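The values are calculated or read from the model by the stated rules, or taken from the named source; none is laboratory data. Keep in mind that what you see is a predicted model, and the values were worked out from it rather than measured. Positions of Cβ are generated from backbone atoms using ideal geometry, with glycine treated the same way; all protein chains shown enter the neighbour counts.
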Ligand code: TXA
Ligand code: MG
């Protein structure tokens, strides 16, 4: 009977969440789904547990972690103050893919979480499993993306198993994540200025109505057209080359026909050198390309699809042994800002303008 099967599945999920919660409470590391990407969680107050996250990921220790909460009352024990702008952002976007950097209450979390900063990055994920797991653990969870450092973030439990299998205490499988790129990280100034430190699931356009002083981009988030990083990023993680595929990836930007011609020319030249070629393109142009591995980011008119598919596509190239990849750039409005940010990082900022 359908209903009983459902109940059995619910009981099973309940049991697994309970077990995972116990593991976390005891100082273990457990990977879990969020609406953005899978996270690798540990009790944010427990330095040994947090240490285990860095060890499993091979993550540089000067890169602070996001603390995940399931209820507003958990903020009381974490931060010293919430200004009006931060409060309005929480009201508007939590639970959801927005991380807010707040003044940390001394001693509230392990110094390993904040990497010695006097702020802590906090978010409330919009995912039933994540929220229930945090509640089951009974503590705020420090959780970076559940990938080996330098690999694309995981959007499936299988990606977590590939990267961290045997290195962590558990994985809660909640199927594919939704957004597909990480949360937007912001500072909410007392002057009403919202500064985006990392573009992500909440767009600049969505933030604007809540930023009385306007939305600014951290100067380190240069647009594709500007040369070189102009300042040390205030979100320490942004300085690392992340998401790098094993082969060489370059992004091509410009008007559509020239982009397609240039990409195909690069693919043909690479093929002639004996490379295994890959192309990452939008549906509108997909039929033009000949390569060993042709992957779609969906339609240019729906960049949510591109965000959802990006990391899995980069992993697919790796799995297919692709050695030279070309990707089409996309417009940087809406979710396109996060897609281009991640794509350019994956490409080590190698971009060709045509
Ligand atoms: O969607 C997400 O945010 C995912 C899921 C699992 O929640 N998590 C995630 O965590 O992307 P991670 O560790 O991969 O990225 C955390 C980012 C880094 O860029 C880090 O530098 C920044 O947040 N960050 C953390 N604490 C900060 C702080 N106190 N001040 C400025 N930036 C901070
Ligand atoms: Mg990450």
**Message:** assigned to a strand (DSSP E or B) and in contact (Cβ under 8 Å) with a residue 60 or more places away in the chain: which single residue out of 99, 85 fits that description?
**Reply:** 99
**Request:** Take region 24-68 and flag every residue that is within 16 Å of ligand 2 (Cβ to nearest atom) and in a strand (DSSP E or B).
**Result:** 31, 32, 39, 40, 41, 42, 66, 67, 68
**Message:** Looking at the structure I just gave you, is residue 175 over 13 Å from the mean Cα position of the chain (by Cα), surrounded by fewer than 20 Cβ atoms within 10 Å (Cβ to Cβ) and within 21 Å of residue 126 (Cα to Cα)?
**Reply:** yes
**Message:** For region 114-123: of the residues being more than 16 Å from ligand 2 (Cβ to nearest atom) and not in a strand (DSSP E or B), which is surrounded by the most Cβ atoms within 10 Å (Cβ to Cβ)?
**Reply:** 114
**Message:** Given (1) more than 10 Å from ligand 1 (Cβ to nearest atom); (2) in contact with a helix residue (DSSP H, G or I) (Cβ under 6 Å, 6 or more places away or on another chain); (3) farther than 19 Å from residue 196 by Cβ; (4) modelled with pLDDT of 95 or more, identify the lone condition not met by residue 88.
**Reply:** (3)
**Prompt:** Out of all the residues in region 124-170, which are in a strand (DSSP E or B), more than 13 Å from ligand 2 (Cβ to nearest atom) and buried (at least 22 other Cβ atoms within 10 Å of the Cβ)?
**Reply:** 141
**Prompt:** Just checking, how many residues over region 301-338 are more than 30 Å from residue 272 (Cα to Cα) and either out of contact with any strand residue (DSSP E or B) (no Cβ under 8 Å at 6 or more places or on another chain) or surrounded by fewer than 24 Cβ atoms within 10 Å (Cβ to Cβ) (or both)?
**Reply:** 14
**Prompt:** In region 274-288, is there at least one residue being within 30 Å of residue 197 (Cβ to Cβ), assigned to a loop (DSSP other than H, G, I, E, B) and at pLDDT 90 or above?
**Reply:** yes
